[in-house]
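Asker: Quick one: the structure is below, and I'll ask about it shortly.
The values are calculated or read from the model by the stated rules, or taken from the named source; none is laboratory data. It should be emphasised that the depicted structure is a prediction, and the values quoted were computed from it without experimental measurement. Methodologically, a virtual Cβ is constructed for each residue, glycine included, from the backbone with ideal geometry; neighbour enumeration extends over all protein chains shown. Ligands, DNA and RNA are excluded from the accessible area calculation, which covers all protein heavy atoms including side chains. Shrake-Rupley method; radii C 1.70, N 1.55, O 1.52, S 1.80 Å.
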Amino acid sequence: MRAKISAFLLALTLLATAGAVTAPAASAATGPAATVFSLTNAQRVNAGVKPLISDPALDKAAQAWAQHLANTCTFTHSSASWRSSRTASAGWSSTGENIAAGYPAAADVVRGWMGSAGHKKNILDTRYTGVGIGYAKGTCYSAYWVQIFGMSKTAAAAGAGDADGDFNADVVALQADGTLVVQRGSGKGGFASSTTGVTGWASGDRLVTMGDFSGDGISDLGRIRADGVFALYRGTGSGTYSAASNIGAGWQGMKRVIGGLDFDGDRRSDILAVNSAGNLILYRGNGNGGFAGTVKQVGNSWGSMTAVLYAGDFNGDRHGDLLARRADGSLWIYPTNGSGSWGVAKKVGSGWQGMTAVIGAGDMDGNGTPDVVARRADGTLSLYRGNGKGGWGAVSSIGSGWGQYTAIG
């Protein structure tokens, strides 16, 4: 019977990273699956792309789906929710998948995938950091092969994340009429279109990008009302958000609230807040849409900061970082160490005092490094491309008329 292949065809620009790299050996996959892992990384190395890591959770999910295909004599993809339910708790999100049937050997299936544009995009996608491989024998086709790719949440993406499920970083913006708009990123440093994400907010509500606060692999939003109620809006992955669930009260006194950062290294998104005394307070997320343990002070003298944002892994050490603007307009990076403490702060810019909003927007231009978006006084939106090493690449204007929004994230 003729061999078959299939993949999620992702609209992502293929980008390579410079420098020689060495592919690691599989630490989880064994047998033919381990061979597929090695051959997959060989393709990435040849293309100048960082190799993927081997992970037990991804392997377990890939093996389960391969066995399902073999047992049922079917040939269809798993769903994003199915994969997320098996990999999100291990720190993986935004998973993609290649499947194949009928190829007799590992080299044959990898050759087949690389000969198909959609599968090749998955294999060489710079945004993926891990892969799991499944292999099973069946009667309808002699062999079934599955690759499940994952983006690591060791340093979670900043900002609104991928709100609509197209693997591109998006931006959310609150209109004066209380409508929260999802500005869909193009993956190339701009926007593709916009959709309505939520209605019924007040123009004075505070918007908090939360990362994957609910633990389902999809980025969430927070709303702090004027009365101090903190509400969670779980992302659906299709550009909308679920009905609000209240997760706290008394937040009206916080000068700044920052979400999305895993400060303590438990692979759960936390909340940081600057209180009225200028202290930086950690509220640990429980990975299920709520808080865990007692609050903890993790910094002081933050009250003078005029902007504080989570920027993702801005310096390339695989831990999340904060950027903070001081009163003189200088911008500083405050790196975390991934286990509840700080690295050495460093100045990374000046002249930022004229910006009316500064947000960590994730990887807006699709090159694998997090970027920053800033709104100028005239309503122009500018993209400051991060270089992945704690510094900057090119700056470009990506929109106008953004002064109409009362909050962006």
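Asker: Can you give the Rg and Dmax of region 193-267 based on its C-alpha atoms, in angstrom?
Answerer: 12.6, 36
Asker: Here are some pairs, Lys4/Lys120; Lys4/Lys137; Lys50/Lys347; Lys188/Lys347; Lys255/Lys389; Lys255/Lys296; which of them have Cα atoms lying more than 20 Å apart in this structure? Write down the numbers at each step before the final one.
Answerer: On the way: Lys4/Lys120 15 Å; Lys4/Lys137 14 Å; Lys50/Lys347 29 Å; Lys188/Lys347 28 Å; Lys255/Lys389 29 Å; Lys255/Lys296 17 Å.
Where the Cα-Cα span goes over 20 Å, the pairs concerned are Lys50/Lys347; Lys188/Lys347; Lys255/Lys389.
Asker: Here's a follow-up. Based on the mean of other beta carbon atoms within 10 Å per residue, what is the order of 194-203, 63-72, most packed first? Write out the running numbers ahead of the final one.
Answerer: Details: 194-203: 15.6, 63-72: 19.1.
Sorting 194-203, 63-72 by mean packing, highest first, produces 63-72, 194-203.
Asker: Karplus couplings for region 76-87 from phi (6.51 cos²θ - 1.76 cosθ + 1.60, θ = phi - 60°), rounded to Hz, Gly and Pro as x?
Answerer: Using θ = phi - 60°, the values come out as 8, 6, 6, 8, 4, 5, 4, 5, 4, 5, 9, 10 Hz.
Asker: For region 342-409, which whole percent of the accessible surface, found with a 1.4 angstrom probe, sits on carbon and sulfur atoms?
Answerer: 49 percent
Asker: Here's a follow-up. With just the Cα atoms defining each centre, how far is region 268-346 from region 140-210? Give it in Å.
Answerer: 22 Å
Asker: Continuing with this model, one more query. If amide hydrogens are placed 1.01 Å from N in the peptide plane, which non-local residues have theirs closer than 5 Å to the one on Glu97?
Answerer: Phe8, Phe149
Asker: Rg/Rh for region 276-324 to two decimals, with Rh computed the Kirkwood way over all alpha-carbon pairs.
Answerer: Numbers: Rg = 12.8 Å, Rh = 12.6 Å.
Rg divided by Rh gives 1.02.
Asker: A further question follows. For the chain, what is the calculated [θ] at 222 nm in deg cm²/dmol (nearest 500), taking -39500 (n - 2.57) for each run of four or more DSSP H residues and dividing by its residue count? Don't skip to the end; give the middle numbers.
Answerer: Numbers: 5 runs with 58 residues, N = 409.
Computed mean residue ellipticity for the chain: -4500 deg cm²/dmol.
Asker: Return one number: the angle in degrees, 0 to 90 and rounded to the nearest 10, between the long axis of the Cα atoms of helix 31-46 and the longest principal axis of the Cα atoms of the chain.
Answerer: Rounded to the nearest ten degrees, it is 60.
Asker: Further, regarding this structure: Near the amide H of Ser194, under 5 Å away, which other amide H atoms are found, from residues 5 or more places off or on another chain, if H is placed in the peptide plane?
Answerer: It is Arg184, by chain and number.
Asker: Ratio of region 229-278's C-alpha Rg to 2.2 N^0.38 Å, to two decimals? Intermediate results must be reported in sequence, preceding the final value.
Answerer: On the way: Rg = 12.9 Å, N = 50, 2.2 N^0.38 = 9.7 Å.
The reported ratio for this selection is 1.33.
Asker: Probe radius 1.4 Å, ligands and nucleic acids ignored: give me the carbon and sulfur share of the accessible area of region 95-173 as a rounded percent.
Answerer: Values: 1100 of 1970 Å².
Heavy-atom surface of region 95-173 belonging to carbon and sulfur, 1.4 Å probe: 56 percent.
Asker: In Å², and per residue, what accessible area does the chain have when probed at 1.4 Å with the other protein chains present? Could the numbers behind the result be given before it?
Answerer: Working: 15810 Å² over 409 residues.
Value returned for the chain: 39 Å² of accessible area per residue.
Asker: From the backbone phi of region 112-126, what are the Karplus-calculated ³J(HN,Hα) couplings (6.51 cos²θ - 1.76 cosθ + 1.60, θ = phi - 60°) in whole Hz, Gly and Pro given as x?
Answerer: Result, rounded to whole Hz: x, 4, 5, x, 10, 4, x, 5, 4, 4, 4, 5, 9, 5, 5.
Asker: With a cut-off of 8 Å between alpha carbons and a minimum separation of six or more residues, what is the relative contact order of region 119-162 in percent?
Answerer: Details: 39 pairs, mean separation 15.6, N = 44.
Relative CO of region 119-162 lands at 35 percent.
Asker: Right, something else. How do Arg234, Arg44, Arg325 rank by accessible surface area computed with a 1.4 Å probe, from largest to smallest?
Answerer: Numbers: Arg234 80, Arg44 5, Arg325 25 Å².
So the residues, ranked largest to smallest area, are Arg234, Arg325, Arg44.
Asker: Taking the radius of gyration and the Kirkwood hydrodynamic radius from Cα positions alone, what is the Rg/Rh ratio for the chain, to two decimal places? Intermediate results must be reported in sequence, preceding the final value.
Answerer: Values: Rg = 21.6 Å, Rh = 21.8 Å.
Answer for the chain: 0.99.
Asker: Could you pull out every residue, at least 5 positions away or on a different chain, whose amide H is within less than 5 Å of the one on Thr209? Hs are placed 1.01 Å off N in the peptide plane, and Pro or chain starts have none.
Answerer: So Thr209 has HN proximity to Gly222, Gly259.
Asker: If you don't mind, another one. Kindly write out, for region 390-404 in residue order, the coupling ³J(HN,Hα) from the Karplus curve 6.51 cos²θ - 1.76 cosθ + 1.60 (θ = phi - 60°), rounded to whole Hz, with x marking Gly and Pro.
Answerer: Rounded to whole hertz, the list is x, x, 10, x, 6, 10, 8, 7, 10, x, 9, x, 7, x, 6.
Asker: Probe radius 1.4 Å, ligands and nucleic acids ignored: give me the carbon and sulfur share of the accessible area of region 199-337 as a rounded percent.
Answerer: Details: 2330 of 5140 Å².
Result for region 199-337: 45 percent of the exposed heavy-atom area is carbon or sulfur.
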